[in-house]
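Okay, structure first, notes after.
The values are calculated or read from the model by the stated rules, or taken from the named source; none is laboratory data. These numbers come from a predicted model, not from an experiment. Neighbour counts run over all protein chains shown; Cβ positions are idealised from the backbone, glycine included. Ligands, DNA and RNA are stripped out before the accessible areas are found, and what is left, the full protein with its side chains, is counted by its heavy atoms. Shrake-Rupley method; radii C 1.70, N 1.55, O 1.52, S 1.80 Å.
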Amino acid sequence: MKKDITSSVHYAVKKERSASWALFSLTLGAFAIGMTEFVIMGLLTNIADDLQVSISSAGQLITGYALGVAAGGPIMTVLTYRMPRKQLLCALMVIFIAGNVLAALSSNYTILMIARIVTSFAHGTFFGIGSVVATGLVKPEKRASAIAMMMAGLTIANILGVPFGTFIGQQFGWSATFWVVAAFGTVAFLGVALLVPSVSSSDSQLNLGREFHAFRKPQVMLALAMSIFGFGGVFTAFTYIAPILQDITGFREDQIPYILLLFGVGVTLGNLLGGKLADRRLMPSLMVCLALLTAILIVFYFTDHLKAATVVTIFLWGTFSFAIVPGLQMRVLDMAKDAPSLASTVNHSALNLSNAGGAFLGGLTVSGIGLQYVPLAAAIIAVIGLLITITSYTMERLTK
């Protein structure tokens, strides 16, 4: 009897370790994807000079990638619905590696744009399917934390990957950065192939009709709207954070990277905190975090002319900006229930659309009433996200 108990304990420990390593491989994949998405911002001048295009044209490489993520995620999920999830994740990493190799070999702007779009097609589906796989690796009460752990790769990419990739590009040429990213992608591919457990085809393949049917549920659509507006408030202001810090707060240009690093630390901590809170009480924690995000954006309107207060506000803003992300993803998975893969992928498309929409609204605010009002515009968008969340939670409570 004692031997059986000991064997069971050893098996449970071994299974937990295997799950941890599998989750780490997904985190590494998220890190590589996050690095290739954001590092381009630090290399725009280098790319523009080398390919002899304007800075604004080079900036379209960011727009092209974001649109590729928004459109490519759902398309890839539908086209690959017969593939088992582990096999699909491996295939996505192959596309990701190929896209970065093509970017490294690009000799002109057109080829580089094509490479960016090819790479972006792996992004949304990897995070969508990866979220589903991550939640299956852990106990039900730790699903949001598993999503947060995978998403931590994206946040760490902002803190470590982007500065490192920018340094490599400045020292050895921007193409060297894409070779480095491709190398990270290769390691992630090997991790997924060797460490993520296989699931029987019947359990891991998508039922396409059921996946589309999930979008007929009002709560699924509300969950997507929560992502669009809740996260849209973040990028309405963050897109213009550098001009705010320079023109309003009065920081020097060389001080801004350190403040953004602090924002990134807040993002990473908030992501992990949000996962733990969502595991305990999903919707109440989302409402609290969205309310705090709104409050911080309003406070930022009053503190952005005070350097010390701005630094504190930036850190708290980063914390609660990403504290909502694991909960938003978990809400979509819960509402889609037995057909989560496409809905999860579409949610990442929604998050990318919120980035683009937030940046557009911030631009309208700057050109219309002035840069100083951008935090208030962002707060309004976050309030809409909060109201949608309250509506969704109220509807759920009334139907029980």
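Tabulated results
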quantity	calculated
The one condition in (1) closer than 19 Å to residue 355 by Cα; (2) crowded, with 18+ Cβ neighbours inside 10 Å; (3) small (Gly, Ala, Ser) that residue 48 fails to fulfil	(1)
Long-range neighbours under 6 Å by Cβ, at least six apart or interchain, first residue at pLDDT 80 or above within the stretch 252-266, second in a helix (DSSP H, G or I) and open to solvent by 50 Å² or more (accessible area, probe 1.4 Å)	262/315; 264/158; 266/315
Matching residues, the stretch 156-190, being more than 10 Å from residue 36 (Cα to Cα), of a type in the set (A, V, I, L, M) and in contact with a helix residue (DSSP H, G or I) (Cβ under 7 Å, 6 or more places away or on another chain)	156, 159, 168, 176, 187, 188
Condition met for residue 223 (part of a helix (DSSP H, G or I), surrounded by fewer than 15 Cβ atoms within 10 Å (Cβ to Cβ) and of a type in the set (Gly, Ala, Ser))	no
Any hit, the stretch 94-110, residues being assigned to a helix (DSSP H, G or I), open to solvent by 10 Å² or more (accessible area, probe 1.4 Å) and either closer than 21 Å to residue 355 by Cβ or not hydrophobic (A, V, I, L, M, F, W, C) (or both)	yes
All positions within the stretch 136-153 that are in a helix (DSSP H, G or I), of a type outside the set (Gly, Ala, Ser) and open to solvent by 20 Å² or more (accessible area, probe 1.4 Å)	140, 141, 142, 143, 149
Helices (runs of 4 or more DSSP H) enclosed by the stretch 287-400 - at least 2 residues per element that are at pLDDT 90 or above, open to solvent by 60 Å² or more (accessible area, probe 1.4 Å) and more than 13 Å from residue 230 (Cβ to Cβ)	307-323, 374-398
